[in-house]
Each structure stands twice: as structure tokens, then as C-alpha cells.
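Written below as C-alpha cells is the structure these notes are about.
The values are calculated or read from the model by the stated rules, or taken from the named source; none is laboratory data. Since we're looking at a predicted model, the values are computed, not measured. Here the Cβ positions follow ideal geometry from the backbone for every residue, glycine too, while neighbour counts run over all protein chains shown.
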Amino acid sequence: MVRKLSWPGLVVLPVVFGWIGDLYATRIWHPVLLGHSCPRSGADCLFHPLLVAGITWTVLGGLIGLWAAVTLVRATRPWRPRRFHLSELIIVTPLVGFALWWGHHFGMQQGGTSADFDRFATVVLAAIVVRFVAAAQMRRAHGRAPSRPKSVPAGT
């Protein structure tokens, strides 16, 4: 049986995934700074488009980490089915749709490129694919959720 995820684990996963998102955007990817008109010249006139800013990737990583934590908690409960739950679909589907719309709409207005949006969309869609794979693996490893025993009349 899968070991239960504790409350600190629920906090640690979003923090770690958020840190990984920030690390990716600020240290590994190094998106290009864009200049814009301003009264002074220098570093104050350079900025990252919102789509590639470290805070955007921190929030994105944190949301993915929270989703992973909730999924792991649900996986440790033997009475729950190991597949997408209706509440998960109701919450995650609008958030994913909004994240993709936001990334495309505001990322392009901020001076981001389609390549920046492609990276953003790839991470969002990869999280969904990983969740589908995790659900399939949990179903395969644990089988169906145990059913309740049927009452048998006495004397049979």
C-alpha cells in the first residue's frame, strides 16, 4: 500500500515545485530582457515579459505541486477510486484553460514571443499528461477500489 502523505508533505510539494519553476525561469532558461521606453536609460528600462518572469513560473510550479500533493493524498485512501475525480476535473479544467488563455493573451501583450508561450503551454500540458499516466499507474497497481461487503442472511 502507498504510504500516506503527511500535512508537511502537502506544503513541501507546492513549495518545491514553485522553487523549481523559478529556478528554471531565472537560472536555466535565462529569457531575454526586453527594453521599453522610459525617461532614464539603464537597468530600469529593461524587463522580463510577464510570461517569462520568475514569479509566473513560481506560481505555475506551485499550482502543479499542489495538484501533485492532492493526487498523492487521494492515492493513499483505499476507499477512493484511483482516477480523476469529478471535483478534480471541475477545479483543474477551468484553471488550465485560464492559464493557457492568460499565457497567450497577456504574454503576447507584454512582448513575449510565441516560443515563450510554447514553453509555458508545454509545462501546463505536460502536467496533465503526467496526471493521466499517474492515474493509469495507480489503477494498475491497486486495482479497483474495494467494494463494500454484501450482507449475507444468517443460515445461508
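Could you give me the residue pairs with C-beta distances under 8 Å whose first residue belongs to the range 128-146 and is within 15 Å of V73 (Cα to Cα) and at pLDDT below 75, whose second residue is of a type in the set (F, W, Y) and surrounded by 14 or more Cβ atoms within 10 Å (Cβ to Cβ) wherever it lies, and which are 6+ apart or on separate chains?
Matching pairs, first to second residue: A135/F84.
Count, please, the residues in the range 69-120 that happen to be more than 13 Å from the chain's Cα centre (by Cα), at pLDDT 80 or above and aliphatic (A, V, I, L, M).
2
Take the residues in the range 1-35 that are out of contact with any helix residue (DSSP H, G or I) (no Cβ under 6 Å at 6 or more places or on another chain) and in a loop (DSSP other than H, G, I, E, B), then tell me which one is modelled with the highest pLDDT.
That would be H30.
Out of the range 97-119, which residues are surrounded by 15 or more Cβ atoms within 10 Å (Cβ to Cβ) and assigned to a helix (DSSP H, G or I)?
Answer for the range 97-119, where residues must be surrounded by 15 or more Cβ atoms within 10 Å (Cβ to Cβ) and assigned to a helix (DSSP H, G or I): A99, L100, G103, H104, G107, M108, D116, F117, R119.
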